[in-house]
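*Asks:* What follows is a single structure, and I will ask about it in a moment.
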Amino acid sequence: MHKAADRIRNVALVGHRGCGKTSLFEALLFQAQATNRLGSVADCTSLSDSEPDEQARGMSIGAALNSFEWQDRRINLLDTPGEPSFVADALGALRVCESAVFVINAMMGVEVSTIRLWDRASELDLARMVYVNMLDRERADFFRSLDGLKAAFGPHVVAVEIPIGAEHEVSGVVDLVDMKAYAYDGAGRDNCQEIPIPDDLRATAEEYREKLMDEVAEVSDTLMERYLEGGEISHDEIVAALKDGTNHGGIFPVVCGVATRNLGTNRLLDAIVEDLPSPVKHGLMEVTDHVALEPVEDKELFAYVFKTRADPFAGRINLFRVYQGVMAHDSHVLNTRSHSKERIGQLIRFSGKESETVDEFGPGDIGAVAKLKETRAGDWLAAVDEPIAMPAIRLPAPVMAFAIEAKAKGDEEKVFTALRRLQEEDPTIDLHRDRQTGEEIVAGLSQMHVEVVVDRLKSRFGVEVTLKPPRVPYQESIRRPAKAHGRHKKQTGGRGQFGDCHITIEPHPEGEFEFVDAIKGGVIPQGFIPAVQKGVLDAMAHGPIAGYPLKGVRVTVFDGSYHSVDSSEQAFKTAGAIAMRQAMEAAGAVLLEPIMMVTLSVPEDSVGDVIGDLNSRRGRPQGMEPSATGMTEVKAEVPMAEMLTYAPDLRAITGGQGDYTMEFVRYEEVPGHLASKVVAAAAKEEEAAHA
């Protein structure tokens, strides 16, 4: 039997990289008896960071799901990556949870990724709770972190606990709801005992309890009236008001602890059950104007696939959330994107170290299924073929691109297939062939992102690749009009070859290419005109300066001659190419480079350094304006050639807090002193290719 939807909590752990989310994930599993030992990131014994590359880098790369019981509730807990390079999994996890616990490093306070993820959680109307972690570290300060949270996220951020002690002497917490204190000794499950509130902390506890009650009373007019009259508000009423206020972002409770010491973990589990909403409490999910899904089992099934894992042996493993109805094993469902029927075989629940097979998942629950043929992340599985789509997740655009080649000849198809599998797992990976340069390009959110892709190609799929910076897709154009005459005449006994054409070329700034047929009197038969055009295009593929494609040209064929026997399409194609090559040489060809519009989000105190760096890259700032808390959005036009290795430089300038996106704007002429370097590099490459 499945768990009732009102007894489920779906919770994502989110926050900046290095704030201790995975350590907290391990502590929660240990405290709930889902595991027998407290896993450690440092010792590579954590459940969620099980991939070799995660252990080697000491950080989460993909979201990890685990399910356990606490106070007769099922908690589906998702540990998400904090590194911005792997934000897709964090956003996918937020999409399918009613609640998010934001983990804060008590030394650093609110960091940039926390702010960005908070904004996404707000857009999704999630209940949010904050866990201030690492209180035992030097310079850790709970009250400074609380002030930072209020400054970043507003006055409704309110402490429901405060720590006993500070830094290395932190020893417990004070519960502000019931005004009770708890001391912790060791890291075992039974490490907590109730103690009197320390005398030196009582005044502080009463001050922060009053702030809590101010927030609680605002949830209900009845509570507010009684509170103002000095009446008592019971524990159950406070808990109910906290849950009501937290459900849709009216209150943001703050708890605290030390995950690596299992300090405060039991209190957090209680808070997840008492203060965060179930799928039933959170309410309907409206996906279209006429489809609203409710977490009941007696309606048709709708389940959303939010993550796909590429496994070379098990194939695709899909993680899904049931929004309505029941997902049962050995049943058939419809994929609403591909309109194909899928058979649901083995249903999987991840519980502690083990994965167990289950018969069904009820409404509101989260689970996994293997070996679906057509289904991938972003798909709906349903009992009926309803045209339904989840609002698209806004994913950051990949900005760090590399040309990728298989190390071993003959592995190209294997590499491409493996990359496609990894792309299903992480939609922020971009894979395409550059039409101009012919290179296979793989792009990610950072150099580290692309390196992880390469590592996984080797570890999972057994293929090795080399990376190199992609070639900039330069183009060539012309400055002035020119005329040319192309004649191809060949006689070798028997039927010869004859084609003759006159063309003019001129700049065509409104478009890439235009071909005009101005032949009069049939001097070139109509059947041969397309052949002239094809010859012209063949010649334009290799410009006269550095062999880059010629664009922005209007070509007019206005005269010529033909032979009734010897003329052919091939002859006129050759004549057209000869004429075009002559015309290009006479038309004042220039080298063009792509210009990108770069949109950056950087801390206010880094704006000057960032703009100075952009200027050194031949950038032209287009304006700036405040964006998120403490951040400024800067726009600038910058040549693509100057942006190929920008990501690590921006991270260095902004202390890891800046990011950017790029999109193509137009082509512009390359300055003369740089054009000569591009020409020399192209000539060297051409020599190497023919060596």
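The values are calculated or read from the model by the stated rules, or taken from the named source; none is laboratory data. A quick note: this is a predicted structure, and the numbers were derived from the prediction, not measured. All Cβ positions, glycine included, derive from the backbone under ideal geometry; neighbour counts span all protein chains shown. We work out accessible area using only protein heavy atoms, side chains counted, and drop any ligands, DNA or RNA first. Shrake-Rupley method; radii C 1.70, N 1.55, O 1.52, S 1.80 Å.
*Asks:* Restricting to segment 182-197, what's the tally of residues that are free of Cβ contacts under 8 Å to residues at least 24 places away in the same chain and open to solvent by less than 30 Å² (accessible area, probe 1.4 Å)?
*Replies:* Number of matching residues: 2.
*Asks:* Which residues, taken from segment 473-518, are within 41 Å of the chain's Cα centre (by Cα), in a loop (DSSP other than H, G, I, E, B) and surrounded by 15 or more Cβ atoms within 10 Å (Cβ to Cβ)?
*Replies:* The answer is Pro473, Tyr474, His508.
*Asks:* Further question on the same structure: If I filter segment 157-166 for residues that are touching a residue at least 24 places away in the same chain (Cβ under 8 Å), of a type outside the set (A, V, I, L, M) and surrounded by fewer than 14 Cβ atoms within 10 Å (Cβ to Cβ), do I get at least one hit?
*Replies:* No, segment 157-166 contains no residue that is touching a residue at least 24 places away in the same chain (Cβ under 8 Å), of a type outside the set (A, V, I, L, M) and surrounded by fewer than 14 Cβ atoms within 10 Å (Cβ to Cβ).
*Asks:* For segment 597-610, enumerate the residues that are in contact with a Gly (Cβ under 8 Å, 6 or more places away or on another chain) and not polar (S, T, N, Q).
*Replies:* Val598, Leu600, Val602, Pro603, Glu604, Val610
*Asks:* Shifting gears a bit: Kindly indicate which of Pro396, Pro363 is within 18 Å of Met662 (Cβ to Cβ) and in contact with a helix residue (DSSP H, G or I) (Cβ under 9 Å, 6 or more places away or on another chain).
*Replies:* Values: Pro363 fails: within 18 Å of Met662 (Cβ to Cβ).
After ruling out the rest, the residue left standing is Pro396.
*Asks:* OK, next. Just to be sure I understand the filter: pairs with C-beta atoms under 9 Å, separated by 6 or more residues or on different chains, first member in segment 223-241 and in contact (Cβ under 8 Å) with a residue 60 or more places away in the chain, second member surrounded by 10 or more Cβ atoms within 10 Å (Cβ to Cβ) and acidic (Asp, Glu). Which pairs pass?
*Replies:* Correct list of pairs: Ile238/Asp178; Val239/Glu274; Val239/Asp275.
*Asks:* Among the residues of segment 121-141, count how many are open to solvent by 50 Å² or more (accessible area, probe 1.4 Å), in contact with a strand residue (DSSP E or B) (Cβ under 9 Å, 6 or more places away or on another chain) and among the basic types (Lys, Arg).
*Replies:* Going through segment 121-141 one residue at a time, the tally reaches 1.
*Asks:* When you scan segment 532-548, do you find a residue that is among the polar types (S, T, N, Q) and in contact (Cβ under 8 Å) with a residue 40 or more places away in the chain, even just one?
*Replies:* Checked segment 532-548: at least one residue is among the polar types (S, T, N, Q) and in contact (Cβ under 8 Å) with a residue 40 or more places away in the chain.
*Asks:* Evaluate the following for Val280: is it more than 30 Å from Arg456 (Cα to Cα), open to solvent by less than 30 Å² (accessible area, probe 1.4 Å) and outside any loop (DSSP other than H, G, I, E, B)?
*Replies:* no
*Asks:* Suppose we keep only residues that are of a type in the set (Val, Ile, Thr) and in contact with a Phe, Trp or Tyr (Cβ under 8 Å, 6 or more places away or on another chain) within segment 530-555. Which one would you say is surrounded by the most Cβ atoms within 10 Å (Cβ to Cβ)? Outline the logic, then answer.
*Replies:* First pass over segment 530-555, keeping only residues of a type in the set (Val, Ile, Thr): 532, 536, 545, 553, 555.
Now drop any that are not in contact with a Phe, Trp or Tyr (Cβ under 8 Å, 6 or more places away or on another chain), which leaves 532, 536, 553, 555.
On the way: Val532: 29, Val536: 27, Val553: 23, Val555: 24.
The selected residue is Val532.
*Asks:* Every residue in segment 91-120 that is more than 30 Å from His168 (Cα to Cα) and outside any helix (DSSP H, G or I), please.
*Replies:* Cys97, Glu98, Ser99, listed by residue number.
*Asks:* If we scan segment 563-573, do we find a residue that is in contact (Cβ under 8 Å) with a residue 40 or more places away in the chain and more than 20 Å from Gln491 (Cα to Cα)?
*Replies:* Scanning segment 563-573 turns up no residue that is in contact (Cβ under 8 Å) with a residue 40 or more places away in the chain and more than 20 Å from Gln491 (Cα to Cα).
*Asks:* Quick one: which of Glu585, Glu604, Glu593 is open to solvent by 20 Å² or more (accessible area, probe 1.4 Å) and either within 30 Å of Tyr548 (Cα to Cα) or without any contact (Cβ under 8 Å) to a residue 12 or more places away in the chain (or both)? It would help to see each step written out before you state the result.
*Replies:* Values: Glu604 fails: either within 30 Å of Tyr548 (Cα to Cα) or without any contact (Cβ under 8 Å) to a residue 12 or more places away in the chain (or both); Glu593 fails: open to solvent by 20 Å² or more (accessible area, probe 1.4 Å).
After ruling out the rest, the residue left standing is Glu585.
*Asks:* Exactly one of (1) surrounded by 14 or more Cβ atoms within 10 Å (Cβ to Cβ); (2) in contact with a strand residue (DSSP E or B) (Cβ under 8 Å, 6 or more places away or on another chain) is unmet by Lys353. Its number?
*Replies:* Status for Lys353: all satisfied but (2).
*Asks:* In segment 285-293, is there at least one residue being assigned to a helix (DSSP H, G or I) and open to solvent by 20 Å² or more (accessible area, probe 1.4 Å)?
*Replies:* no
*Asks:* Can you name every residue in segment 535-575 that is of a type in the set (Lys, Arg) and either within 44 Å of the chain's Cα centre (by Cα) or part of a loop (DSSP other than H, G, I, E, B) (or both)?
*Replies:* Listed by number, the residues that qualify are Lys551, Arg554.
*Asks:* Here's a follow-up. Within the set of pairs 6 or more residues apart or between chains, which connect a residue that is of a type in the set (A, V, I, L, M, F, W, C) inside segment 645-668 to a residue that is open to solvent by 60 Å² or more (accessible area, probe 1.4 Å) with Cβ atoms less than 8 Å apart?
*Replies:* That search, which allows pairs on different chains as well, returns Ala647/Gln447; Leu650/Asp659; Ile653/Asp609.
*Asks:* Given the criterion among the hydroxyl-bearing types (Ser, Thr, Tyr), touching a Lys or Arg at 6+ places or on another chain (Cβ under 8 Å), at pLDDT below 95 and closer than 19 Å to Ser67 by Cβ, identify the matching residue among Ser351, Ser340, Ser355, Ser331.
*Replies:* On the way: Ser351 fails: touching a Lys or Arg at 6+ places or on another chain (Cβ under 8 Å); Ser340 fails: closer than 19 Å to Ser67 by Cβ; Ser331 fails: closer than 19 Å to Ser67 by Cβ.
Checking each option against the conditions leaves just Ser355.
*Asks:* Can I ask one more? Give the residue, chosen from Asp147, Asp178, Asp200, that is within 35 Å of the chain's Cα centre (by Cα) and either loosely packed, with under 15 Cβ neighbours inside 10 Å or of a type in the set (Ser, Thr, Tyr) (or both). Give the steps one after another, and end with the answer.
*Replies:* Working: Asp178 fails: within 35 Å of the chain's Cα centre (by Cα); Asp200 fails: within 35 Å of the chain's Cα centre (by Cα).
The conditions single out Asp147.
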